[in-house]
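S.K.: One structure, as structure tokens, below. Some questions next.
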Ligand SMILES: Nc1ncnc2c1ncn2[C@@H]1O[C@H](COP(=O)(O)OP(=O)(O)O)[C@@H](O)[C@H]1O
Ligand SMILES: O=c1ccn([C@@H]2O[C@H](COP(=O)(O)O)[C@@H](O)[C@H]2O)c(=O)[nH]1
């Protein structure tokens, strides 16, 4: 059984394709067992669904990769099957007119209306139900989902990352744990410039125009206010080794077989602390 780890570095194509290209099997599935979408009171839901939100280029994918890496080192790989999914796979199809605007950096990909929320919800619900899923891939140069799909097999831990994963209540409520990657806006912009030039085929002028007119205002209006839904806020993203370690330890603890008093997540649960 294959599980693909997304790296987000494939040239101009989807994050999912990058993972596929590397042929990465994130976690070998030994002694795999599936306990159903929701266990009893003494059981952690399988798969354990973790939402990872944050502004563009805040390091969401990198944090997800780190969490997987750490889990791998921890020995959990002998029992656990971990998958990362990007919200970008759920951008809705553009009309011809919207597509023309997108080519000039004038389509608002940071607005909630840009996403196919129902497809996102159905996919996550099916993943939670343990179904084998075909995930649409996204092409950042063509600005559309491709006909290619990634097959997601039932996993023990699923990380779902994206700018607006906490925005929609019907998506937000599906998560068993919520993380918000909180990186300084100047840092994010510099990273986005480099990434979009190198990987997404953009000019500097287009990146800055899109950022100032659409990305930044949408971040402030739609993404930043969702920070309050996070169980853990991770300042500085993947550089924050302490935060990543604590999160991984918590996942390990939750996943430990026969853990005394193991129970489902309660919305008031907190790992490190809740935002003010
Ligand atoms: N801690 C870091 N230090 C330096 N570069 C980073 C760091 N985290 C991410 N990056 C780089 O910034 C860019 C965006 O990171 P990524 O994890 O893909 O962010 P997001 O998923 O939030 O868009 C990538 O090119 C990545 O390599
Ligand atoms: O066709 C597209 C689709 C998305 N974007 C931008 O991508 C980011 C979200 O991806 P991150 O990896 O979280 O940065 C979003 O800000 C969109 O503006 C795009 O430019 N073109």
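S.K.: Let me know the shape class of the stretch 120-244, please: from the alpha-carbon gyration tensor, a ≥ b ≥ c as square roots of the eigenvalues, rounded when a/c is under 1.5, otherwise prolate if a/b is greater than b/c, or oblate.
M.R.: Oblate.
S.K.: Compute the Cα gyration tensor for the stretch 85-193, then decide on rounded, prolate or oblate, letting a ≥ b ≥ c be the square roots of its eigenvalues: rounded whenever a/c is under 1.5, prolate when a/b is larger than b/c in the other cases, and oblate in all that remain.
M.R.: It is oblate, given that a/c is not under 1.5 and a/b is not larger than b/c.
S.K.: Which shape class applies to the stretch 191-253: rounded if a/c is under 1.5, otherwise prolate when a/b exceeds b/c and oblate if not, where a ≥ b ≥ c are the square roots of the Cα gyration tensor eigenvalues?
M.R.: Verdict is oblate for the stretch 191-253.
S.K.: Quick one: order 152, 85 by neighbouring beta-carbon count within 10 Å, fewest to most.
M.R.: Lowest count first: 152, 85.
S.K.: How high is the FRET efficiency from residue 96 to residue 149, r the C-beta distance, R0 25 Å, rounded to 0.05?
M.R.: Step by step, r from the Cβ atoms, then E = 0.55.
S.K.: Rank the residues 190, 74 as a footprinting-exposure proxy: fewest other Cβ atoms within 10 Å of their Cβ go first.
M.R.: If I rank by nearby Cβ atoms, fewest first, I get 190, 74.
S.K.: Please report the relative contact order for the stretch 109-266, taking Cα pairs under 8 Å with a sequence separation of at least 6, and give it as a percent rounded to a whole number.
M.R.: That works out to 24 percent.
S.K.: Same structure again: Once the Cβ-Cβ distance between residue 173 and residue 111 is put in as r, and R0 is 25 Å, what FRET efficiency do you end up with, to the nearest 0.05?
M.R.: For R0 = 25 Å, the calculated efficiency reads 0.70.
S.K.: Please compute the Kirkwood hydrodynamic radius over the stretch 65-135, one decimal place, Å, based on all pairs of different Cα atoms.
M.R.: When all Cα pairs of the stretch 65-135 are included, the Kirkwood radius is 14.9 Å.
S.K.: Oh, and also: Sort 72, 128 by Cβ crowding within 10 Å, fewest neighbours at the top.
M.R.: 72, 128
S.K.: Next question, about the same structure. Just to confirm my numbers, what's the Cα centroid distance between the stretch 98-134 and the stretch 169-247 in Å?
M.R.: If you average the Cα positions of each part, the centres end up 17 Å apart.
S.K.: May I ask you to derive the FRET efficiency for residue 141 and residue 256 from their Cβ-Cβ distance with R0 = 45 Å, giving the value to the nearest 0.05?
M.R.: Efficiency computed from Cβ-Cβ geometry: 0.55.
S.K.: Sorted by mean Cβ packing within 10 Å, highest first, what order do the peptides 202-213, 58-69, 159-170, 136-147 take?
M.R.: Packing order, densest peptide first, comes out as 58-69, 159-170, 136-147, 202-213.
Bear in mind these aren't lab numbers, they're just calculated from the coordinates by the rules spelled out. All values derive from a computational prediction rather than experimental measurement. Ideal geometry is used to build each Cβ from the backbone, glycine not excepted, and the neighbour counts take in all protein chains shown.
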